[in-house]
Amino acid sequence: MRTQVGIIGAGPAGLLLARILQVHGIESVVLEGRSRDHVLARIRAGVLEQGTVDTLNEYGVGERLMHEGIPHAEMQLRWAGRRHALPLVDETNRRMTTYGQAKVVRDLIDLRETDHLPLLFDAPVESLEDVNSDRPRIRFAHDGQQRTLECDFIAGCDGFHGVSRQYSPDAEEKSALREYPYGWFGVLVEAAPNPEIRGFAHTTRGAAVCSARSKTIGRLYLQVDPNENLDAWSDDDIWNELDLRMQDGSNNRLNRGRILQRDFARLRAFVCESMRYGRLCIAGDAAHIVPPSGAKGLNLAVGDVRVLAEALRRFLTKGDTDLIDRYSEICLRRIWHSVHWSCLLTDAIHMAPGQSRFDTQMQYEALQHWVYTEIGRKHFVSSMLGLPYEV
Ligand code: APR
């Protein structure tokens, strides 16, 4: 097999890259290790920056998003048992949109399959060869056979646990990690999200987060210790704890319903600053992880892929290496900005083990700054909405 760009991973990064390249007349093959059903069923983030919405529209993947996406113009923060609202729209009318990542992935897969373009599921990549030559190769398994894909360029969009990052010789040396001493116990629920109860809550019991996936499906989180026995929590325990942490002195309560799925994510921030080596670039979660508080994971992946697609277009059609040479540098400006914001927000709403009263008061000050000062509100809104794209 041979193609121009071999793409590893059919998450949002790999699929969107394939789509943008297609629009620019560049061939690609997407290799995904897991099954189609597995990829479509995965529950992930669900809040899109305006830039992500605009990018999906620009490349013809926005039709369902325009019908089913829920724009929101306000954000709620709770602390000390009180609710505070923050506008989430800027002066140019940019706002956030709720639309599940699973839907973004489905829209991209549907389009690729309708166009009969190569997307192989159950095709785990085992190794890369000659990455630093002009004929790099991807070795993968498919249909019980070992196969090779020869490419002009390889895009590693294979997530945090993927294989590509390790092929950059200085990846480890140029990586930075922060692990938080807590995680998010997430539930997906079949219950109409109550618009009066959403956003983040800081409580001395730990943080809680309420968000919507659609008009009938909610996504809720509780801060828990990483060693918490989640099986010991009954559905009622989860709802009761959410009610306690989201209380704001009003009679408003969450609408309860069936818990469809439970999961746990340890909160961490990770950045690999070596995003390009020879004919390999990594993008999305393969290069960085953000704590989920800022909803930046998917949005950062879109930012990377925009730069990568344009860099590949210039390189493969004109032999122009300028942008591909600056790929890491350009992406990292946006990545560190989002990582910093996600960590600020994380630090402000979670209770660290053994946290002092002093630390809690510092968190209240940060939260008040964002809600009650003009400069704080501007910082909050522009950080949530995301930096403009350079490319
Ligand atoms: N071979 C083929 N595919 C692989 C391999 C491999 N060796 N290793 C991993 N993959 C696939 C995974 O199965 C997954 O489908 O790569 C894909 C990576 O997708 P994501 O983890 O979704 O990462 P990315 O596309 O960068 O999306 C960015 O935004 O909301 C956040 O973290 C969330 O997934 C999200 C991300």
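Could you please give the count of residues in segment 1-35 that are assigned to a helix (DSSP H, G or I) and under 20 Å from the mean Cα position of the chain (by Cα)?
Step one: list which residues in segment 1-35 are assigned to a helix (DSSP H, G or I), which gives 12-23.
Those left that are additionally under 20 Å from the mean Cα position of the chain (by Cα): 12-20.
Selection size over segment 1-35: 9.
Out of all the residues in segment 49-77, which are part of a strand (DSSP E or B) and in contact with a Gly (Cβ under 7 Å, 6 or more places away or on another chain)? Give the steps one after another, and end with the answer.
Of segment 49-77, the ones part of a strand (DSSP E or B) are 70-72, 74-77.
Residues satisfying the conditions are MET75, GLN76, LEU77.
The residues in segment 223-249 that are modelled with pLDDT of 95 or more and either touching a helix residue (DSSP H, G or I) at 6+ places or on another chain (Cβ under 6 Å) or small (Gly, Ala, Ser) (or both) can be counted, and the count is 2.
Suppose we filter segment 1-51 for residues that are under 30 Å from HIS72 (Cα atoms), of a type outside the set (A, V, I, L, M), open to solvent by 30 Å² or more (accessible area, probe 1.4 Å) and near the ligand (Cβ under 8 Å from one of its atoms); how many remain? Of the residues in segment 1-51, 3 are under 30 Å from HIS72 (Cα atoms), of a type outside the set (A, V, I, L, M), open to solvent by 30 Å² or more (accessible area, probe 1.4 Å) and near the ligand (Cβ under 8 Å from one of its atoms). Please specify each residue of segment 336-388 satisfying the condition of being among the aromatic types (Phe, Trp, Tyr), open to solvent by 50 Å² or more (accessible area, probe 1.4 Å) and either more than 26 Å from the chain's Cα centre (by Cα) or modelled with pLDDT under 95 (or both). Answer for segment 336-388, where residues must be among the aromatic types (Phe, Trp, Tyr), open to solvent by 50 Å² or more (accessible area, probe 1.4 Å) and either more than 26 Å from the chain's Cα centre (by Cα) or modelled with pLDDT under 95 (or both): PHE358, TYR372. Let me confirm something: among ARG106, ARG135, ARG147, ARG139, which residue is among the basic types (Lys, Arg) and within 26 Å of GLY46 (Cβ to Cβ)? Answer to the check: ARG106.
Being out of contact with any Gly (no Cβ under 8 Å at 6 or more places or on another chain), within 16 Å of the ligand (Cβ to nearest atom), open to solvent by 30 Å² or more (accessible area, probe 1.4 Å) and modelled with pLDDT of 95 or more narrows it down to one residue among ARG326, ARG313, ARG306, ARG333; which is it?
ARG306
Here the strands (runs of 3 or more DSSP E) wholly within segment 195-279 that include at least 1 residues being open to solvent by 20 Å² or more (accessible area, probe 1.4 Å) and under 30 Å from GLY6 (Cα atoms) are 258-272. When segment 87-123 is filtered for residues that are surrounded by fewer than 18 Cβ atoms within 10 Å (Cβ to Cβ) and under 19 Å from GLY199 (Cβ atoms), the ones remaining, listed by number, are PRO87, VAL89, ASP90.
Can you tell me which of LEU111, LEU117, LEU88 is at pLDDT below 95, away from the ligand (no atom under 14 Å from the Cβ) and either under 20 Å from ASN299 (Cβ atoms) or not acidic (Asp, Glu) (or both)? Before you say what the answer is, go through the steps one by one.
Details: LEU111 fails: at pLDDT below 95; LEU117 fails: at pLDDT below 95.
The conditions single out LEU88.
The values are calculated or read from the model by the stated rules, or taken from the named source; none is laboratory data. Note that the coordinates shown come from a computational prediction; the quantities given were computed from them, not determined experimentally. Note that each Cβ is placed from the backbone with ideal geometry, even for glycine, and that neighbours are counted across all protein chains shown. Remember, those area values only see protein heavy atoms, side chains included, never the ligands or the DNA or RNA. Shrake-Rupley method; radii C 1.70, N 1.55, O 1.52, S 1.80 Å.
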